[in-house]
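The values are calculated or read from the model by the stated rules, or taken from the named source; none is laboratory data. Being a predicted model, the structure only gives us computed values, none of them experimental. Note: ideal-geometry Cβ built from the backbone for every residue, glycine included; neighbour counts use all protein chains shown.
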2 protein chains.
Amino acid sequence: MISNAIIRRLPRYRRYLGQLQRQGVQKISSNELSALIGFTASQIRQDFNTFDNFGQQGYGYSVDYLYSEINKILGLDREYKTVLVGVGNMGQAITNYNYYYKVGFNIIGLFDSNPKLIGNTINDVVIKDVSELEDFVKENGIDVGIICVGRNNAQEVADMLVNAGVSGIWNFAPIDLEVPDTVALESVHLSDSLHTLAFKIKTNEESKK
Amino acid sequence: MISNAIIRRLPRYRRYLGQLQRQGVQKISSNELSALIGFTASQIRQDFNTFDNFGQQGYGYSVDYLYSEINKILGLDREYKTVLVGVGNMGQAITNYNYYYKVGFNIIGLFDSNPKLIGNTINDVVIKDVSELEDFVKENGIDVGIICVGRNNAQEVADMLVNAGVSGIWNFAPIDLEVPDTVALESVHLSDSLHTLAFKIKTNEESKK
């Protein structure tokens, strides 16, 4: 059983290992990784020891091997068929982000309720009316739905995605959605992040006084 | 001294209190808030007791008062003069997000290095050449810089913002920036969120086997 704390660290390990790969680095020690990532070397060794066969630490870890093992653990060694609902500014940004960065979540359906958007295409995907969402998800065996609609429609869209059988939802609406335990949910709350920034600024300013 | 754990909960309290305000709710008990937010009632009472004068809990908390106090604690009772660097898809989405949601971070300068974008306007703000960034930040007393450039240019832009004197950076580039302790930094790592989603899906699927 892998603890939640480790899971939260894995994407970060993956990000740095990807960077090392692009730089052509093949072996890395826990001390070197520590200097890069900021976790302690003993934390890193402890994390990697949780998994099997993470390379002999005395000689350094294999960057390629670590990267591909972390991908497997995270479930990133496969593609996720994905739809996105709400093709406003944020929806378009996320659509292009997924397309250009090839993140393994291929958006093959785009949905909106705005007649001005329906029929347009982004990266060769046609924007459809949201009334077609459930049938599309069922017929195409969609794994993941991305929600970029506003606060007032987000739960309704989530219900449609859940009813149609998605395994996961990536939510950008500023509300906490209710979904069954069997559906994975991950939310990006931009306002929470911005408010944390405001608080940090305020704290810094007060410590200067 | 307010603990980090509480600080992470405050934006969430704020979000729900804002929702209650829009619904016209004036008083709320810790039990009602608990049912809405998902924190335990005793956690909520404990959090609010950390601050002064959060309303007599026996008669319920005043929604307006809680909301405005949390705003003050978070440093959201003021405006932050903001610039955004990197007006690609994500940059445009964030520009419009800040504009439409009036989040208190007014973007008064947009910067990019792409000649096709320079000179265009978004919400009446002209996109300038990034070479003008530092002077603009100094001359206008900019508080916050939002970084929406790619991985390879993000640290350079952060250095420019820091040199020019910003108090905070909101970073969307997929790297961990290095900034002095005196500059507040908050990053939105979309890929980390997506990888966490993949892992949750995988865990759910394995538990079904």
Exercise. So which residues in region A:92-144 are more than 14 Å from chain B (Cβ to nearest Cβ) and among the β-branched types (Val, Ile, Thr), if there are any at all?
Worked result: A:ILE108, A:ILE118, A:THR121, A:VAL125, A:VAL126, A:ILE127, A:VAL130, A:VAL137
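Kindly indicate the residue of region B:13-32 that is part of a helix (DSSP H, G or I) and over 23 Å from the mean Cα position of the chain (by Cα) and also surrounded by the most Cβ atoms within 10 Å (Cβ to Cβ) among those meeting that condition. Can you show your working first?
Pass one, region B:13-32, residues part of a helix (DSSP H, G or I): B:13-22, B:30-32.
Okay, now just the ones that are also over 23 Å from the mean Cα position of the chain (by Cα), so B:30-32.
Working: B:SER30: 20, B:ASN31: 14, B:GLU32: 16.
Per the stated criteria, the residue is B:SER30.
Quick check on B:LEU10: is it in the same structural domain as B:ASN153 (by TED's automatic domain parsing) and either in contact with a His (Cβ under 6 Å, 6 or more places away or on another chain) or under 19 Å from B:TRP170 (Cα atoms) (or both)?
Values: in the same structural domain as B:ASN153 (by TED's automatic domain parsing): no; either in contact with a His (Cβ under 6 Å, 6 or more places away or on another chain) or under 19 Å from B:TRP170 (Cα atoms) (or both): yes.
Judged against the criteria, B:LEU10 is not a match.
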Exercise. Which residues, counting only those in region A:1-12, are buried (at least 16 other Cβ atoms within 10 Å of the Cβ) and either farther than 22 Å from B:LEU197 by Cα or among the basic types (Lys, Arg) (or both)?
Worked result: A:ARG9, A:ARG12
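Considering B:LEU197, B:LEU177, B:LEU161, which residue is touching a helix residue (DSSP H, G or I) at 6+ places or on another chain (Cβ under 9 Å) and crowded, with 19+ Cβ neighbours inside 10 Å? Spell out how you get there, then give the answer.
Working: B:LEU197 fails: touching a helix residue (DSSP H, G or I) at 6+ places or on another chain (Cβ under 9 Å); B:LEU177 fails: crowded, with 19+ Cβ neighbours inside 10 Å.
Just one listed residue meets the conditions, B:LEU161.
Based on this model, can you work out whether B:VAL130 counts as aliphatic (A, V, I, L, M), surrounded by 15 or more Cβ atoms within 10 Å (Cβ to Cβ) and over 19 Å from the mean Cα position of the chain (by Cα)?
Values: aliphatic (A, V, I, L, M): yes; surrounded by 15 or more Cβ atoms within 10 Å (Cβ to Cβ): yes; over 19 Å from the mean Cα position of the chain (by Cα): yes.
Judged against the criteria, B:VAL130 is a match.
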For this session: Taking B:ALA184 as meeting all but one of (1) farther than 23 Å from A:ILE94 by Cβ; (2) without any contact (Cβ under 8 Å) to a residue 12 or more places away in the chain; (3) facing chain A (nearest Cβ under 7 Å), write down the number of the exception.
Result: (2)
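With at pLDDT 95 or above, of a type in the set (S, T, N, Q) and assigned by TED's automatic domain parsing to the domain that holds A:PRO174 as the only criterion, which of A:ASN114, A:ASN106 stands out? Explain how you work it out, then say what you get.
Details: A:ASN106 fails: at pLDDT 95 or above.
Just one listed residue meets the conditions, A:ASN114.
Looking only at region B:79-91, how many residues end up being crowded, with 21+ Cβ neighbours inside 10 Å, on the phi < 0 side of the Ramachandran plot and touching a helix residue (DSSP H, G or I) at 6+ places or on another chain (Cβ under 8 Å)?
So the first thing to find is which residues in region B:79-91 are crowded, with 21+ Cβ neighbours inside 10 Å, and the list is B:80, B:82-87, B:90-91.
Narrowing the set further to residues that are on the phi < 0 side of the Ramachandran plot leaves B:80, B:82-85, B:87, B:90-91.
Add one more test, that the residue is touching a helix residue (DSSP H, G or I) at 6+ places or on another chain (Cβ under 8 Å), and what stays is B:80, B:82-85, B:87, B:90.
Qualifying residue count for the region: 7.
Residues of region B:49-78 being modelled with pLDDT under 85 and buried (at least 16 other Cβ atoms within 10 Å of the Cβ), which ones? First the steps, then the outcome.
First, pick out the residues of region B:49-78 that are modelled with pLDDT under 85: B:49-60.
Hits for region B:49-78 are B:PHE54, B:GLY55, B:GLY60.
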